[in-house]
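The values are calculated or read from the model by the stated rules, or taken from the named source; none is laboratory data. The structure displayed is predicted, hence computed values, not measured ones. Glycine gets a Cβ as well: all are built from the backbone with ideal geometry, and neighbour counts include every protein chain shown. Keep in mind that these areas ignore ligands, DNA and RNA; they rest on the heavy atoms of the full protein, side chains included. Shrake-Rupley method; radii C 1.70, N 1.55, O 1.52, S 1.80 Å.
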Amino acid sequence: MRYTGNKVIEEDMQGKATMMPANIQINNKKLYIESYGCQMNFSDSEIVASILIDEGYTTVADYKDADVILVNTCSIRENAEQRVFNRLRNYQAVKKTRPGAIIGMLGCMAERLKSQLLERDRLVDLVVGPDAYRSLPELLQNAESGQKAVNVLLSREETYADISPVRLDNNGISAFISIMRGCDNMCSFCVVPFTRGRERSRDPESIVREARELLLKGYKEITLLGQNVDSYKWNITSKGEIIDPKEDVVRFSGLLEKVALVSKELRIRFSTSHPKDMNDDVIETMAKYDNICEYIHLPVQSGNNNILDKMNRGYTREWYFERIDSIRRIMPNCAISTDIIIGFCDETDQDFEETYDLMDRVEFDFAYMFKYSERPKTLAERNFIDNVPEEIKSERLQKIIDLQRAKSLLSNQKMIGKECQVLIEGISKRSDNQLFGRNSQNMVVIINKDDLKKGQYVDVLVDSCSSATLFATVIKKNNN
Ligand code: SAH
Ligand code: SF4
Ligand code: F3S
């Protein structure tokens, strides 16, 4: 952050600049935060930045300039953790030029490895888990005075509902809002329930308030975040009393409706839906409001019932197909993406073929595909053997990547000659004369710049495509 008159220019990790008022107390300490992992982690870093800016810290774009380097980490696969360990070695170099600098680990690896991180290889001075960020100012003081600084307590209540996040990855157009924390599902491959604790939902009023504030600041799109948004449930009054009768309980479809009603100008997205819990109420609410984007990320993980059972996912292949049919019946234009894990314990060629077949039939618009990576303490680590050889995992992964590339191209080709609405997000990487944005289906669309600005909605006609991008001509500019 640097100061220019009565304004502060805040530079985020990407070095982009946004204006914010300079009415905060300054302690001259410079903070650098780097985030890995899922959108929840990026959203949490914004809460951390808010807590520390209130203490007078200012954010910097280069870790070499920082007094405090925080790395918000992910444990989902082994290679995610490896990347962080490599990065920590770079940070160590800062200690040579600035011996007082503090290096802290936040997030899921902090929660998983706890004080081992301080004792074992001394790569960090501070370890703070996802539910303990309010204790950061105090822990930073402890670390500065050479004391042990660890807080990895998980909470059943913490939702940080009262903290206004400082938007770090700031295009000024789209922002995340966490609507819940933790996960109670215990999928057998997954470390998240151990690193994020029990599921808890956030007060809907605080979510709507945050959406309104973002709208007032000029944001045009919000993404509601949770590990399983379909199990969102709020049944407590503002006085903390449990609501009865049950009709008053706010579930995800009710929350979506409340947020959609904030303004027609605000687009709503959400992630992640769980096939076992995503009901028709949610799909019908999406269909009812034009500003709820027609896009669902519905991770299937596998197309084989034995594997799904071993994964403890709580649904079958047939159930998943039925959910896809419901989406396509109620919202024919809805885009659908998924996550796939190949090479889970005991997965045979035949089992894999069923995953391939499911992907072939559903024709996802997009897919995130992973090799199974065994994680300590999970049900799978305790009960099964990670017995699919690495070469077979690689082969299977390549097969579905090739299949999905063809399906993504097909999905984009189907858009050629069609009209859609695009929210402009910024200048295209390809050329300064072009802008990029997304349509409701989350497809990236490139248009000519002309006199258009980011944050504007335009109606376009799609002319051509690649497997990742649509190219379009603007046919109508909206007055906003
Ligand atoms: N809550 C979301 C997923 C969160 S993790 C859901 O239930 O779908 C994101 C994705 O990482 C998962 O969907 C899964 O495909 C993948 N993943 C999780 N654990 C993994 C592991 N041990 N090995 C490989 N991929 C994993
Ligand atoms: Fe992990 Fe399953 Fe929870 Fe998703 S729903 S975070 S995969 S345990
Ligand atoms: Fe990773 Fe934790 Fe998210 S393990 S995927 S950062 S919840």
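Some notes on this structure:
- R0 of 22 Å, Cβ-Cβ distance residue 390-residue 83: FRET efficiency to nearest 0.05: 0.70
- Count Lys and Arg as plus one, Asp and Glu as minus one, and take only other residues whose Cβ is under 10 Å from that of residue 301; the net charge is then 0.
- Taking all Cα pairs closer than 8 Å and separated by 6 or more residues, the relative contact order of the chain comes to 9 percent.
- Spin-label pair residue 148/residue 208, simplified geometry with 7 Å Cα→Cβ offset, distance in nm: 4.6
- Taking all protein chains together and rolling a 1.4 Å probe, residue 42 ends up with roughly 70 Å² accessible.
- Prolate/oblate/rounded label for the chain (Cα gyration tensor, a/c 1.5): rounded
- Ranking of 220, 477 by solvent-accessible surface, largest first: 477, 220 (1.4 Å probe, protein heavy atoms only, all chains present).
- These residues, 354, 284, go from largest to smallest accessible area, 1.4 Å probe, as 284, 354.
- At the residue level, residue 169 shows approximately 90 square angstrom of accessible surface with a 1.4 angstrom probe and all protein chains present.
- Each 10 Å bin from zero up to the one holding the largest Cα-Cα distance in the stretch 174-413 carries the following percent of pairs: 7, 29, 33, 22, 8, 1.
- Cβ-derived FRET efficiency at R0 45 Å, residue 235 paired with residue 361, nearest 0.05: 0.70
- DSSP H segments from the chain that extend 30 Å or more along their own axis, Cα-based, with Kyte-Doolittle mean of -1.0 or above: 390-413
- Multiplying the residue separation of residue 186 and residue 96 by 0.36 nm and subtracting their alpha-carbon distance yields 28.1 nm.
- For the chain, taking a cut-off of 4.7 Å between Cβ atoms, the unpaired cysteines are 38, 74, 108, 183, 293, 334, 345, 420, 465.
- Computed with the Debye formula from one identical point scatterer per Cα of the stretch 419-477, without solvent, the log10 of I(q)/I(0) at q = 0.24, 0.26, 0.29 Å⁻¹ comes to -0.90, -1.08, -1.37.
- Rounded to the nearest 20 debye, the dipole size of the chain about its Cα centre is 1240 debye, using +1 on the Cβ of Lys and Arg and -1 on the Cβ of Asp and Glu.
- Expressed as a whole percent, the accessible surface of the chain that belongs to carbon and sulfur atoms is 48, based on a 1.4 Å probe.
- Counting only heavy atoms of the protein chains and using a 1.4 Å probe, residue 453 has close to 120 Å² of accessible surface.
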